1. Where residues in the range 87-109 are of a type in the set (Asp, Glu) and more than 13 Å from the chain's Cα centre (by Cα), which of them is most open to solvent (accessible area, probe 1.4 Å)?
2. Output the qualifying pairs, or none if there are none: Cβ atoms under 8 angstrom, residues six or more apart or on different chains, first residue in the range 1-18 and over 22 Å from residue 33 (Cβ atoms) and modelled with pLDDT under 95, second residue assigned to a loop (DSSP other than H, G, I, E, B) and of a type outside the set (Lys, Arg).
3. Within the range 1-86, which strands (runs of 3 or more DSSP E) (wholly inside it) include 2 or more residues that are surrounded by 14 or more Cβ atoms within 10 Å (Cβ to Cβ)?
4. Kindly list, by first and then second residue, each pair from a residue in the range 86-105 that is under 16 Å from residue 60 (Cβ atoms) to a residue that is open to solvent by 40 Å² or more (accessible area, probe 1.4 Å) and aromatic (Phe, Trp, Tyr), limited to pairs with Cβ atoms under 8 Å and residues at least 6 apart or on different chains.
Amino acid sequence: QVQLAESGGGLVQAGGSLRLSCVASRSIFSYNAMDWYRRVPGKQRELVATITSGGTTNYADSVKGRFTVSRDNAKNTVFLQMNSLKPEDTADYYCTATDAYARYWGQGTQVTVSS
């Protein structure tokens with residue numbers, strides 16, 4: 001069974017930084033891509049960042065220039081470095097991994113940015 005465990009969320013002031021981590025239960029090379037999503041209650045889920053198995057990255061326009069997705073293959077971990085945080089970044093953040101069969105989700109980590 002695929003397991004993804006996010007961590008690193010918390011409360012931060014606007015302008016601050018956080019780094020989210022997502023540890024996978026198996027080699028991240030086995031996934032086509034790993035993504036970070038966020039969800040605010042009452043709003044549509046948003047794809048924030050993607051990193052493919054080949055290392056290609058993509059970002060939502062709302063976070064470009066502020067967020068960086070990266071990975072540590074040896075530790076089966078994907079990171080989301082979030083800088084210059086804004087109150088509108090407040091959300092539950094989820095890590096996902098996609099292979100040929102399914103998209104797998106972590107349990108999420110909460111990020112709150114105070115103004």
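1. 88
2. Every condition considered, no pair remains.
3. 4-7, 18-24, 33-39, 46-52, 57-59, 67-72, 77-82
4. From the range 86-105, the pairs are 94/105; 95/105; 96/104; 96/105.
The values are calculated or read from the model by the stated rules, or taken from the named source; none is laboratory data. Not measured: the values here are computed from a predicted model. So basically every Cβ, Gly included, is an ideal-geometry build from the backbone, and we count neighbours across all protein chains shown. For accessibility, only protein heavy atoms count, side chains too; no ligands or nucleic acids. Shrake-Rupley method; radii C 1.70, N 1.55, O 1.52, S 1.80 Å.
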